[in-house]
Amino acid sequence: MIKTRIAPSPTGAIHIGLARTALYNFFYSRNKKGKFLLRIEDTDRERSTEASLNSIIEGFKWLGIEWDEGPFFQSQRFGIYKRFADKLIEENKAYRCFCSTDRLRNEREQASKEGRAWKYDRLCLNLTDDEIERKLKAGDPYVIRFFIPNGESVYNDLIHGEIRKKHSDIEDFVIMRSDESFTYNFSVVVDDALMGITHVIRGVEHINNTFKQILLYKALGFNPPLFAHLPLILGPDKKKLSKRHGASSIDEYRQDGIISKALVNYLTLLGWSPGDNREIMDLADIIALFDVKRVKKSNAVFDKDKLLWMNSMYIKEMDIEALSDEVLSFIKHQGINGMLSVIDKDRDYFYRVLELIRDRATTLVDLIETARIYLFEDYDIEKKAMKYIKTGIEHLKLIKQRYEALEVWDKSHLEEELRALSEERGEKAGLFIHPVRAALTGRKVGPPLFDIIEVLGKIRTIKRLDRVINMYII
Ligand code: GLU
C-alpha cells in the first residue's frame, strides 16, 4: 500500500506552494487507495508557533484535505532520533564534532577570501576515544555529524528522471545540534522510514536534501522511498512566488472571497493536467485522474486573473445550495453576524437573490456586497443612481401606482405594465427603467430590471419606491 505525507514546519501561514504539495500528496494517496499522513516538523523551537500550527490545520481542512494519520509532532520524537543517531555513532557512520562555531566561521571566511569552496574538514573525525571521553566528561558542547562515504549517488525521480550527485559535493552535515535537537534531514529520514512512507512528494528545492537523505537511509539500514520533486511556482516576473507578488498565503485568498474548491482546482492545474483541456474539475474527478508521473517538469506561473476567473466560474455554476453554504461559511468566518440572521429569516429569498446576482460576481466579497443591497432596506444610493432618481421622480410615482395594482408579480407582467405605461404617455421605456433600477438598488447598472423586481417581490418593491419618493417630499 502506498503512503504519502505532508510535513509542514509551523513557522507561518500556508503558502500557495505548501498547499499545492499537500494537495498532490493527498490526491496521489487517494488515487492509489493508500494512506496520507500529517507530520508537523517543529524541531526549530524558536520559529515554531502554536498560531501557525492552528492556521495550518484550519487551512488544510478548509481546502478539504483529509489525513488518515497524525498529526505527529517531531518535537515529541527526539528520544527516537537520539537512538538512531547513537546507533550511527556506534557503527562509525557518524561522529561527534566539538569544533566551536568561531572556528567554523573563521575557516569558512578564510576559504571564501581565497575563493575556495569550503566544507567541514573532518578535524573531529580524528579524535581518539580518550580525547572524546575527556571532552564529554568536561561537558564540552558538540554536534553529531554524518560521515559521507566516497562515491556517487543516483536516484530516479518520478518527475525528473535519473539524477546523480558526487559525494565529494556533500559535506559531513550535522544531524544533531549541540542543544540535542535534530536537523531536518535526519529527523525526516527516521520519520519517513518508521512511518512507512512510500512516496515523498515535495518541492524541487529539496533535491539536494534528497541525496543526503538517501545516504542516511542506507546508513540506517532502511529502504529509501520513491521521490517526486514538484516544480517551482513563479510570479508573473518569473521569480519564485513570494509575498512581493501580493497574496501568497491561502488565508489571504480565503479573506478575499476565493472559494476553496476553486482554489483547489486552480492549484491542481498549476503543474499538472489531466491530459485533455478540461479546466473545471471537482475533487472526485481530480482524484480519479491524478498521477504524480504526469506532473510537469517546467516551473509553473501563478496567474491571479486565471484564479479569479475560475472562482467566478464556480460562483456562476455551483449548485445554488452549495453556493449559499459557501457564502454562509464565509460570512461566519468574517464575523458578519448581522447578515446571518437576515438570511436565516428567509432562505428562499436568499437563494433567489444569489441566483440573480451570481453572474456578475468574481469573489464571495463581491457577492456579499451586492447581496447586502437586496437584504437590507437601508442600502446606499450611489451618486450616479441619484441623478436618475432626481430626474425621474414623476415616473417613479406613476409606476408605483401601476405596480401597486398589479396582481401577477412576474417579470413578464412587470415588463408589460411598464411598457404599457410608457406607450400611453408616448415616452421611451428608458425614462422609467433607469430611475426604477436606481431606486430599487441604488445602482445605475446591474441585473436585468424585471428580474430584479420579480425577486424583490411586491412588498419590498413598493417600500423601496416609497423610500426614494419620500426623499423628495419636503
Ligand atoms: N518541513 C519541510 C518543509 O516544509 C518538509 C520537506 C519534506 O517534505 O521533506 O519544507
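FYI, it's all coordinate maths here, none of it is from the lab. Since the structure is predicted, the reported quantities are computational estimates derived from the model, not experimental observations. Positions of Cβ are generated from backbone atoms using ideal geometry, with glycine treated the same way; all protein chains shown enter the neighbour counts.
Values computed for the structure shown
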| read-out | value |
| --- | --- |
| Where N is the number of residues in region 339-474, Cα Rg divided by 2.2 N^0.38 Å | 1.03 |
| Cβ-defined net charge surrounding Ala19, 14 Å radius [Lys, Arg +1; Asp, Glu -1] | +2 |
| P(r) of region 79-143 over all Cα-Cα pairs, binned every 10 Å from zero, in whole percent | 18, 42, 29, 10, 0 |
| Angle in degrees between helix 411-424 and the longest Cα principal axis of the chain, rounded to the nearest 10 | 40 |
| Relative compactness, region 42-117, computed as alpha-carbon Rg over 2.2 N^0.38 Å | 1.74 |
| Using alpha-carbon coordinates, inclination of helix 16-31 to the longest axis of the chain, degrees | 80 |
| Angle in degrees between helix 320-334 and the longest Cα principal axis of the chain, rounded to the nearest 10 | 70 |
| Beta bridges by DSSP in the chain, antiparallel share as percent, to the nearest 5 | 50 |
| Nonlocal amide H pairs with Phe182, under 5 Å, H built at 1.01 Å | Arg177 |
| Lys119-Asn156 pseudo-label distance in nm [points 7 Å out on the Cα-to-Cβ vector] | 2.6 |
| Dipole magnitude (debye, nearest 20) for region 301-420, charges at Cβ of Lys, Arg, Asp, Glu | 560 |
| Column: log10 I(q)/I(0), Debye, Cα scatterers of region 78-214, q = 0.13 Å⁻¹ | -0.66 |
| Listed residue (Ile368, Thr391, Val353) projecting farthest to the positive dipole end of region 349-394, Cβ model | Thr391 |
| Dipole magnitude of the chain about its Cα centre (Cβ charges: Lys, Arg +1; Asp, Glu -1), debye to nearest 20 | 960 |
| Dipole-positive endmost among Leu63, Thr128, Leu216 within the chain (Cβ charges, Cα centre) | Thr128 |
| Cα radius of gyration and Dmax for region 282-401 (Å) | 20.0, 69 |
| Paired Rg and Dmax values of region 283-342, which use every Cα atom, in angstrom | 16.7, 50 |
| Once exposed loop GluC sites (Glu not before Pro) are cut out (DSSP; at most 15 other Cβ, 10 Å), longest piece of the chain | 181-278 |
| Anchor Lys411: aspartates and glutamates whose Cα lies under 19 Å away (excluding residues fewer than 8 positions away in-chain) | Asp348, Glu355, Asp359, Glu423, Asp451, Glu454 |
| For region 34-173, share of DSSP beta bridges that run antiparallel, in % to the nearest 5 | 75 |
| Reachable lysines from Lys119, criterion Cα separation under 17 angstrom, eight or more residues apart if same chain | Lys165, Lys166, Lys212 |
| Globularity ratio of the chain, using Cα Rg and 2.2 N^0.38 Å | 1.39 |
| Long-range HN-HN contacts of His199 with modeled amide H, under 5 Å | Lys3, Leu226 |
| Entries in Lys397/Lys463; Lys218/Lys297; Lys238/Lys296; Lys238/Lys293 that, when Cα-Cα distance is taken, lie over 19 Å | Lys218/Lys297; Lys238/Lys293 |
| Over region 228-269, equivalent-ellipsoid semi-axes from the Cα gyration tensor in Å | 19, 15, 8 |
| Candidate lysines - alpha carbon under 21 Å from Lys261, same-chain residues fewer than 8 apart omitted | Lys61, Lys304, Lys306, Lys316, Lys332 |
| For region 127-149 and region 215-274, distance of Cα centres in Å | 40 |
| Convex hull per residue volume in Å³, alpha carbons only, for region 1-83 | 90 |
| The chain - mean residue ellipticity at 222 nm from DSSP helices (-39,500 (n - 2.57) per run, n ≥ 4, rounded to 500) | -16000 deg cm²/dmol |
